[in-house]
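Accompanying notes for the structure given below.
Here, each number is a calculation from the coordinates, and none is a lab measurement. What you see is a predicted model, and the numbers here were worked out from it, not measured in a lab. Quick reminder, even Gly has a Cβ in these numbers, built from the backbone with ideal geometry, and neighbours come from all protein chains shown.
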Amino acid sequence: MKLRTTALLGTTALLAVAGCSVTGGSEDDSATDDTTVTLLTHDSFALPDELLAEFEEHSGLTLEVVRSGDAGSLTNQLVLSKDEPVGDAVFGIDNTFASRAVDAGVLAEHVPDELPGSAADHALDGDGADRLTPVDWGDVCVNVDDTWFRENDVPAPKTLDDLTEPAYRDLFVTPAPNSSSPGFAFLLATIGEYGEDGWQEYWQRLVDNGVRVVAGWTDAYEVDFTAGGGGGDRPIVLSYNSSPPFTIPEGGKRPTTSALLDTCFRQVEYAGVLEGADNPEGAQEVVDFLVSPEVQAALPDSMYVFPVDDSVELPPLWAKWAEPAPAPVEVDPEAISEHREEWLREWSDVTS
């Protein structure tokens with residue numbers, strides 16, 4: 001499963017930047033010359049070692065990968081450290097946080113020369129299109145444990161409204177929007193579905209129906225979800241449309257879970273060059289590498305996301321079971337930028 005864990009913000013988050021790297025070093029002992037390039041990313045970055053080695057061999061660069069938190073904490077780190085950037089390139093800013101990074105001026109202009117044509121379907125508007133390159137996408141959706149519902153003779157929910165019905169009391173767990181990028185995507189799905197004047201009442205109904213709110217995706221899926229392997233007690237969880245294929249049991253033919261495609265918000269992940277980077281040329285090479293055919297083909301099996309290059313042949317299980325939402329809920333990016341903090345405060349008021 002794709003980890004979307006949460007890191008502490010502020011000073012603690014900045015300290016976390018001195019994390020692990022593919023070469024085994026840290027920020028303190030890595031070189032700062034033009035042969036080293038540092039990629040800041042989230043905890044889910046997991047490309048095959050052989051691909052990273054090939055990049056280093058062909059580019060002549062040493063790639064330092066520094067992982068810390070999810071898209072939200074990653075973006076916060078970039079903003080807090082923009083006057084003294086602690087890396088050269090970034091991967092993992094998503095469309096729920098992209099406007100914050102662009103508006104804060106932490107990104108330099110760069111567009112890969114060989115960007116797949118289909119990446120335009122996921123490009124940002126305005127200045128963001130020249131500063132953040134789309135790399136992958138996926139749908140954040142409510143998932144259900146079909147086995148649990150079958151064994152308990154309860155029909156599984158299908159819609160957002162269903163989650164507030166008495167039949168599903170104390171059955172739903174979701175990461176919080178103020179500490180998790182998928183959690184924020186779910187908040188946006190409810191705003192898009194019920195409107196800026198109606199989503200608060202919907203969340204009140206969720207609270208009244210016993211929704212459990214946890215810090216991050218890992219807590220929700222791996223600990224509280226009944227199909228997550230941790231002995232959880234909640235058969236409804238916020239996750240991804242790509243999650244079900246990974247619940248096919250050994251020797252089985254179909255997943256034990258499913259994604260509710262009427263509950264989804266589309267999440268796009270981007271890469272970019274940091275303004276003021278020590279090695280901007282190396283950073284450009286990293287961004288170009290992430291949209292190369294080799295990396296795009298590796299994304300589904302290594303990071304459980306869809307490549308922006310639609311010419312990539314998906315793994316057979318994805319083609320059958322990771323179904324994209326036909327009409328994901330949408331929220332205007334400018335509205336997200338303008339109202340993000342307001343919506344988070346209102347959400348906190350409702351759920352506290």
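Per-residue ellipticity at 222 nm computed for the chain from its helices equals -9500 deg cm²/dmol, with DSSP H segments shorter than 4 residues left out and the rest contributing -39,500 (n - 2.57). When DSSP beta bridges are restricted to pairs lying wholly in the chain, around 60% turn out antiparallel.
The overall shape of the stretch 166-212 is oblate: from the C-alpha gyration tensor, with semi-axes ordered a ≥ b ≥ c, the ratio a/c is 1.5 or greater and a/b is no larger than b/c. Backbone amide hydrogens, once placed in the peptide plane, bring Leu107 within less than 5 Å of Glu275, excluding anything fewer than 5 places away on its chain.
Return a single number: how many Lys pairs in the chain, at a sequence separation of 8 or more or on separate chains, have alpha-carbon atoms below 25 angstrom apart.
On the way: Lys2/Lys158; Lys2/Lys253; Lys2/Lys320; Lys158/Lys253; Lys158/Lys320; Lys253/Lys320.
Lysine pairs meeting both conditions in the chain amount to 6.
About its Cα centre, the dipole of the stretch 225-287 is roughly 620 debye, where the only charges are +1 on Lys and Arg Cβ and -1 on Asp and Glu Cβ.
Rounded to the nearest 20 debye, the dipole magnitude of the stretch 62-130 is 300 debye, with +1 charges on Lys and Arg beta carbons, -1 on Asp and Glu beta carbons, and the Cα centre as origin.
When the Cα positions of Pro134, Pro155, Phe91 are compared along the charge dipole of the chain, Pro155 comes out farthest toward the positive end, with charges on each C-beta of Lys, Arg, Asp and Glu.
Compute the signed sum of charges (Lys and Arg +1, Asp and Glu -1) over the other residues within less than 13 Å, Cβ to Cβ, of Glu338. Display every interim value, and only then the final one.
Details: positive: Arg100, Arg340; negative: Asp103, Glu196, Asp332, Glu334, Glu341, Glu342.
Charge balance in the 13 Å sphere: -4.
Modelled label positions at Glu341 and Asp170, each set 7 Å beyond Cα in the direction of Cβ, lie 3.9 nm from each other.
Once the Cβ-Cβ distance of Glu109 and Glu313 is raised to the sixth power relative to R0 = 30 Å, the FRET efficiency obtained is 0.40. Kirkwood hydrodynamic radius, the stretch 114-238, all distinct C-alpha pairs: what's the number in Å? Value: 16.0 Å, from the Cα pair sum. Using every pair of separate Cα atoms, the Kirkwood estimate puts the hydrodynamic radius of the stretch 146-192 at 12.1 angstrom.
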